[in-house]
Amino acid sequence: MIDLRPVLLVVGMLICAVGAAMLVPAMVNWLAGSAPPEPFSIAALLSISFGGLLVLANRGPIEGLTLRQA
């Protein structure tokens, strides 16, 4: 059976990176004072939380990748 842990680990890291990138427009919006930064902030926190949970759930030793997993 295929081991999805390496795939889900990388997906979790990418989701965390996207969540961190969402903090940039939230900070710019907050510094400009044009609109409330809550939509970006909430989306960023949810993304970082979900991605972090994926990373934590799938970390550990990986024996190797098969051609199907890569």
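Over the Cα atoms of the chain, Rg to Rh with Kirkwood Rh, two decimal places?
So for the chain, dividing Rg by the Kirkwood Rh gives 1.19.
Heavy atoms only, probe 1.4 Å: what % of the accessible area of the chain goes to carbon and sulfur, would you let me know?
76 percent
Between Val24 and Val10, how many nm apart are label points set 7 Å from Cα along the C-beta direction?
The answer from the label model is 2.3 nm.
At 1.4 Å probe size, with every protein chain present, just tell me what the per residue accessible area of the chain comes to in Å².
Values: 5120 Å² over 70 residues.
Result: 73 Å² of accessible area for each residue.
The values are calculated or read from the model by the stated rules, or taken from the named source; none is laboratory data. All of these numbers come straight from a predicted model, not from anything done at the bench. Positions of Cβ are backbone-derived with ideal geometry, glycine not excepted, and every protein chain shown enters the neighbour counts. Each accessible area value is taken on the protein alone, full model and side chains, heavy atoms only, with ligands, DNA and RNA left out. Shrake-Rupley method; radii C 1.70, N 1.55, O 1.52, S 1.80 Å.
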